[in-house]
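One structure is given here, and the rest of the page talks about it.
No lab work stands behind these numbers, since they all come straight from the coordinates. Keep in mind it's a predicted model, so treat the numbers as computed, not measured. Cβ coordinates were reconstructed from backbone atoms using ideal geometry, including for glycine residues, and neighbour counts include every protein chain displayed.
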Amino acid sequence: MGCLCSKNAESRTSRIARWNATGIVALRDSNLKVLPDEVLEVNNNVRTIDLTNNNVSVLPPDISRLVQLQRLILANNVLQSLPNTVASLRSLKILTLDGNKISILPDELGSLYKLEQLSVSGNLLTCLPDTIGKLHNLSLLNVSSNKLRSLPPSIGSCIALEELQANDNNIEELPESLCNLSHLKSLLLNNNRVNQLPPKLFKDCKSLQNIALHSNPITSDQFQQMAGFVEFEERRKRKFDKQINSNVLMNSKGLDEGIDL
């Protein structure tokens, strides 16, 4: 028994030393049910945690101690919620929660002011918190494959947003505030219930190059009657021509042509 305990102690010490040295806690496919206690012992040295493909159901409130954490990757676990103490992770830039069982995101998410990428696809969300509008550095938001019926008006305050992925939901209409997103380049809404777009979307979103709306009750005629459609078409074609001229190898779904109905 003594040898076993010594071996385990050495293993724990070795892991902590490695994590302290690299700042990376990589525990993919480790059959974990909880975040190991020793991760919290590393504290300020941790920059990245990757727990993809485990069975973690709960994050400990003490995760708030990891104040220098920049990337938290928790895809394909069994999380149902996040602790409110996530608000303390003020250095976080990337938060990946795809493929869990999360039904609600805490309001405290809005405190993650440095967040640049938020991905929560493949969960059970029926709404997004209004505080998401406080994420002024967010460039990518992926909420595909949930149960959303709408997007909050506050999303128009995500002024750095470039890509919004909301495929495979139950979204019926989009907030007018979407027109505030002057940096938005890509809007993906396949397999929803959208029957119209905000009237000024093309006119005000001057960076928009791509819209995907497969399996929605909306027609191409509706697009063509919208203000700013001609300018949008020009941007779309410039991007498409650039892809062709770059000789990029892609599959049949990889070539982005702009409006995709």
> So what's the gap between the Cα centers of the stretch 125-162 and the stretch 31-92, to the nearest angstrom?
Replying inline: 22 Å
> Taking the Cα atoms of the stretch 1-121, what is the range of coordinates along each of the three principal axes, in descending order and whole Å?
Replying inline: 48, 26, 19
> In Å, what is the Rg of the alpha-carbon atoms in the stretch 69-149, and how long is Dmax?
Replying inline: 11.3, 32
>> Averaging over every viewing direction, what projected area does the convex hull of the Cα atoms of the stretch 149-246 cover, in nm²?
In response: 6.0 nm²
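Using alpha-carbon pairs under 8 Å, 6+ residues apart, how would you state the relative contact order of the stretch 1-121 in percent? Mind showing how you got there, number by number?
On the way: 254 pairs, mean separation 22.7, N = 121.
Once divided by the residue count of the stretch 1-121, the mean separation gives 19 percent.
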> In the neighborhood of Cys179, defined by Cβ-to-Cβ distances under 12 Å, what is the net charge if each Lys or Arg adds +1 and each Asp or Glu adds -1?
Replying inline: +1
> So what is Rg over Rh here for the chain, counting just Cα atoms and using Kirkwood for Rh?
Replying inline: 1.06
>> Using only DSSP helix segments of four residues or longer, with each worth -39500 (n - 2.57), what per-residue ellipticity at 222 nm results for the chain after dividing by its residue count and rounding to 500?
In response: -6000 deg cm²/dmol
> If the limit is 25 Å between Cα atoms, which of Lys33/Lys134; Lys93/Lys185; Lys200/Lys237 go over it?
Replying inline: Lys33/Lys134
> Between the helical axis of 2-22 and the dominant principal axis of the chain, each derived from Cα atoms, what acute angle in degrees is found, rounded to the nearest 10?
Replying inline: 40 degrees
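I need the fraction of alpha carbon pairs in the stretch 116-176 separated by more than 16 Å, rounded to a whole percent.
Values: 684 of 1830 pairs.
It works out to 37 percent of all Cα pairs.
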